[in-house]
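Asks: Can you keep this structure in mind? I'll have questions shortly.
The values are calculated or read from the model by the stated rules, or taken from the named source; none is laboratory data. If you're wondering where the values come from, they're calculated on a predicted model, not measured in any experiment. Quick reminder, even Gly has a Cβ in these numbers, built from the backbone with ideal geometry, and neighbours come from all protein chains shown. Accessible surface areas use protein heavy atoms only, side chains included; no ligands, DNA or RNA. Shrake-Rupley method; radii C 1.70, N 1.55, O 1.52, S 1.80 Å.
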Amino acid sequence: MKICVIDAFPNLPYSAEREFIRRLEIVGQRLGIEIIPVVTSSSIETHCPDFVLATHEFSAKLTSFPTYGALWSPPKYFEGDIIRMRNIFSYDGYVVGSDCVRSFLNESLSAYPYLTKPISDFRMLPTCPSQPQLDAVSQDRSLIYSGVHWDGDRHRELFLALHKSKQI
């Protein structure tokens with residue numbers, strides 16, 4: 001199997017999408033699936049993939065190859081944006097990261113009965129363990145948040161609650 005994965009931000013040396021693509025490459029190697037990062041439609045055409053995965057709603061379907069959108073950002077980031085919504089509607093189907101995104105897509109697509117497209121019934125999240133999970137779990141667990149703060153105070157209430165409980 002051959003999957004082209006669109007790098008929506010090719011000029012950014014570090015992005016969540018680029019990290020996700022690398023994680024997908026690792027999983028693909030383990031499973032014998034060829035993962036090919038692409039930027040342009042000509043690159044997709046050259047590789048003739050089984051399908052294409054768009055990593056961000058900034059990228060529309062670019063070719064005749066089946067293209068699926070990986071959507072895990074909260075809908076508030078794209079629901080009012082005409083260009084992003086056009087791109088989302090261009091996909092042949094969706095893999096989602098939450099029930100909220102799935103509900104949003106079901107509701108949005110229901111307004112257009114001719115746009116019947118599959119939406120994953122599972123959650124696709126950008127993870128890739130580098131080693132098998134250990135059976136024994138330490139009792140000395142802690143919490144860490146590692147982010148780039150691109151989305152402002154999205155988890156502000158959670159952090160304040162944790163701080164008040166002296167857990168962080």
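Asks: If I filter the stretch 71-91 for residues that are polar (S, T, N, Q), modelled with pLDDT under 95 and over 25 Å from SER43 (Cβ atoms), do I get at least one hit? Steps first, please.
Replies: Going residue by residue through the stretch 71-91, those that are polar (S, T, N, Q) are 73, 87, 90.
With the extra rule that they be modelled with pLDDT under 95, the set shrinks to 73.
After this cut, where a residue has to be over 25 Å from SER43 (Cβ atoms) as well, the list is none.
No, that holds for no residue.
Asks: If you don't mind, there's one more thing I want to ask. Could you list, ordered by first residue, the pairs with Cβ atoms under 6 Å in which the first is in the stretch 112-125 and closer than 11 Å to GLY69 by Cα and small (Gly, Ala, Ser) and the second is at pLDDT 85 or above and surrounded by 11 or more Cβ atoms within 10 Å (Cβ to Cβ), at least 6 apart or interchain?
Replies: Short answer, once both residue conditions are applied: SER120/VAL95; SER120/VAL96.
Asks: If you take just the strands (runs of 3 or more DSSP E) that sit entirely in the stretch 10-110, which of them hold at least 2 residues that are out of contact with any helix residue (DSSP H, G or I) (no Cβ under 7 Å at 6 or more places or on another chain), of a type outside the set (Phe, Trp, Tyr) and open to solvent by less than 70 Å² (accessible area, probe 1.4 Å)? It would help to see each step written out before you state the result.
Replies: Working: elements: 34-38, 51-54, 67-71, 93-96.
Result: 51-54, 67-71, 93-96.
Asks: Can you tell me which residues in the stretch 111-126 are touching a helix residue (DSSP H, G or I) at 6+ places or on another chain (Cβ under 9 Å) and outside any loop (DSSP other than H, G, I, E, B)?
Replies: Scanning the stretch 111-126 gives ILE119, SER120, ASP121, ARG123.
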